[in-house]
Amino acid sequence: MLLDSENLETLHEQIVKVLQCAQNESSLHKRRVKLLCKLHAQAATLVEKGKQPGQVKRVGEKKFNEAFWKTIANVLPVRKGVVEADRAVRLVGAFVQQLTRESGM
């Protein structure tokens, strides 16, 4: 789904759907990482004008970060060894690793 300012509110549901799929099977983690990266990149392009000339607010990236952390906050308290939670954590790790690679860090 293409992300724009009208459907920015569905971002949380999209992230939840990706993590739920990851909990069921880990064979498609690369595809899900690419999907999360695509959502992040699309959200990062959504900006609003700031109060000062030339200033922009990164509203899309902020919304993505809020939705992402809200979603994984439900997984993190689960103790190690729960297969579904471990799969979701592996996906989050792969996603963060991919973002780090893309940013050149």
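All of the numbers you see were taken from the coordinates with simple rules; none came from a lab. Note that this is a predicted model, so its numbers are computed, not measured. Cβ sites come from the backbone with ideal geometry, for glycine too, and all protein chains shown count toward neighbours.
Below, the figures for the structure above:
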{"item": "Cα-centred dipole magnitude for the chain, charges only on beta-carbon of K, R (+1) and D, E (-1), debye, nearest 20", "result": "300"}
{"item": "Over the chain: helical MRE at 222 nm, DSSP H runs n ≥ 4 each giving -39500 (n - 2.57), nearest 500", "result": "-20500 deg cm²/dmol"}
{"item": "87, 58, 101 arranged by Cβ crowding within 10 Å, fewest neighbours leading", "result": "101, 58, 87"}
{"item": "Value of Rg to Rh for the range 1-89 (Rh from inverse mean 1/r over Cα pairs, i.e. Kirkwood)", "result": "1.07"}
{"item": "Proximal charge balance of residue 69 [Cβ under 13 Å; K/R count +1, D/E count -1]", "result": "+1"}
{"item": "Phi to ³J(HN,Hα) by Karplus 6.51 cos²θ - 1.76 cosθ + 1.60 over the range 33-47, Hz, x for Gly, Pro", "result": "5, 4, 5, 5, 4, 5, 4, 4, 5, 5, 5, 5, 7, 7, 10"}
